[in-house]
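The values are calculated or read from the model by the stated rules, or taken from the named source; none is laboratory data. Just so it is clear, the model here is predicted, and its values are computed rather than measured. Note that each Cβ is placed from the backbone with ideal geometry, even for glycine, and that neighbours are counted across all protein chains shown. For the accessible areas, the whole protein counts, side chains as well, though only heavy atoms, and no ligand, DNA or RNA atoms are used. Shrake-Rupley method; radii C 1.70, N 1.55, O 1.52, S 1.80 Å.
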Amino acid sequence: MALHIEKIEKSKIDNVDFNNLKFGEVFTDHMFECDYENGKWGTPKIRPYQPLQFDPSAKVFHYGQAVFEGMKAYKDDNDKVWLFRPDQNQERINKSAERLDMPAFPKEYFFEGLTELIKLDKEWVQKGEGNSLYIRPFVIATENCVSASSSNKYKFMIICSPVQAYYGGEVRVVFADKFSRAADGGVGYAKAAGNYAASFYPAKLASEQGYQQVVWTDASKHEFLEEAGTMNVFFRVNDTLLTAPTSDRILDGVTRKSIIQLAESKGIKVEVRPVRVDEIVEAARKGELKEMFGAGTAAVISPILGFEHQGEKFELPKMDDSYSKFIKKSITDIQQNKAEDPFGWRYLVE
Ligand SMILES: Cc1ncc(COP(=O)(O)O)c(C=O)c1O
């Protein structure tokens, strides 16, 4: 593969205050891009990070034919840079693309683009607790035509943003009983841009009620708890962790599958099965619901302190020996090369 690289003349890095980063607002010096036309991907390029120019008729603006990924790179104490299970993101973006009738992006292009980009912008990966480089691969439909059909041109890109430890504040959630995020046969399992657009309005209504997230339930009867905004969800009832199985409504989260594997290896009982709203409400009433947490790349684990269901409010107990703290530490230690990696999850960039 001939990767074309055009480097910046002068880095912007000296203008960045790494101690005051808002999530996803600052981007590194370079970006990776590759265009698809006439049935094939062209020459991949790395160029200085810059705005793009599109015709107003580009299909992505009209039909939302767009998919994306989210992953992170970490720098250890010896300045080595690591990714966490990037093969999973590479496979998932192509699964998402297939559902949106977009062409798969070749694996070797993905890995070469990703690793060369991170090497060029290595200074932007900061060491230290909680610091990382958030990486956003995405694909958009670029054909100039407003007919409602699949595009015949696409652009694959990777952009990177330095981030600090994710702290979303105290999180309380509401269980969805009206709106839905995904339905059987739909696009819920894909990281399709439109899934997120569709979730913003219910999320805003929830936020007006004081809730930071909606926990989505099945679209047909709102009987099963499926996932939160940009996270999968786990429930600890007594000493068992429960989480919904993946399906065509649920994103197959990398963090979720890592938590399941790690928890099981540490002897924690995990049940992957449909989780009923009423069993969680009942467990909360009996004091058996010990923990609830979201799982995703941004925060790894985001503890949920309370929830509302049909107007009834529940608070979770404060746990000294929480699974969420233990699992979060175990996973972040692997990500940051502070612990053995028995599962082979770490991927050395440089
Ligand atoms: C809807 C949804 N569920 C779950 C996740 C968690 O997935 P991952 O652990 O791969 O980040 C994400 C974030 O990517 C998401 O957008």
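Observations on the structure shown:
- Among (1) over 11 Å from residue 249 (Cα atoms); (2) touching a Pro at 6+ places or on another chain (Cβ under 9 Å) - the single one residue 228 does not satisfy: (2)
- The set of residues in the range 296-328 that are surrounded by fewer than 21 Cβ atoms within 10 Å (Cβ to Cβ), part of a strand (DSSP E or B) and of a type outside the set (A, V, I, L, M, F, W, C) comprises 303, 306, 308, 312, 313, 315.
- Qualifying residue in the range 182-190 (condition: open to solvent by 40 Å² or more (accessible area, probe 1.4 Å), touching a helix residue (DSSP H, G or I) at 6+ places or on another chain (Cβ under 8 Å) and either at pLDDT 95 or above or polar (S, T, N, Q) (or both)): yes
- Taken over the range 61-115, the criterion of being part of a strand (DSSP E or B) and away from the ligand (no atom under 16 Å from the Cβ) is satisfied by 75, 81, 82.
- Within the range 200-213, if we keep just the residues that are assigned to a helix (DSSP H, G or I) and in contact with a strand residue (DSSP E or B) (Cβ under 7 Å, 6 or more places away or on another chain), the residue that is nearest to residue 231 (Cα to Cα) turns out to be 203.
- Considering the range 142-160, the residues that are over 13 Å from residue 41 (Cβ atoms) and β-branched (Val, Ile, Thr) include one that is least open to solvent (accessible area, probe 1.4 Å), namely 158.
- Look at (1) surrounded by fewer than 17 Cβ atoms within 10 Å (Cβ to Cβ); (2) away from the ligand (no atom under 16 Å from the Cβ); (3) closer than 30 Å to residue 338 by Cα; (4) at pLDDT 95 or above and you find that residue 22 fails only one, number (4).
- Output for the range 233-284, where each listed residue is away from the ligand (no atom under 15 Å from the Cβ) and without any contact (Cβ under 8 Å) to a residue 24 or more places away in the chain: 264, 267, 282
- Count of residues meeting criterion [out of contact with any helix residue (DSSP H, G or I) (no Cβ under 6 Å at 6 or more places or on another chain), away from the ligand (no atom under 16 Å from the Cβ) and not β-branched (Val, Ile, Thr)] in the range 124-147: 10
- If you go through the range 266-295 and keep only what is part of a loop (DSSP other than H, G, I, E, B) and touching a strand residue (DSSP E or B) at 6+ places or on another chain (Cβ under 8 Å), you end up with 268, 273, 274, 288.
- Test: residue in the range 271-290 that is open to solvent by less than 30 Å² (accessible area, probe 1.4 Å), touching a Leu at 6+ places or on another chain (Cβ under 7 Å) and under 30 Å from residue 134 (Cα atoms): no
- Residue satisfying condition, being over 30 Å from residue 19 (Cβ atoms) and away from the ligand (no atom under 16 Å from the Cβ), within set 169, 210, 194, 185: 185
- Any hit, the range 315-327, residues being farther than 17 Å from residue 237 by Cα and either acidic (Asp, Glu) or at pLDDT 95 or above (or both): no
- Matching residues, the range 116-132, being surrounded by 18 or more Cβ atoms within 10 Å (Cβ to Cβ), in a loop (DSSP other than H, G, I, E, B) and of a type in the set (D, E, K, R): 121
- Criterion applied to 29, 35, 14 was being open to solvent by 70 Å² or more (accessible area, probe 1.4 Å) and not aliphatic (A, V, I, L, M), and the one residue passing it is 14.
- Checking residue 230 against (1) away from the ligand (no atom under 11 Å from the Cβ); (2) open to solvent by 60 Å² or more (accessible area, probe 1.4 Å); (3) closer than 26 Å to residue 170 by Cα, the condition it does not meet: (1)
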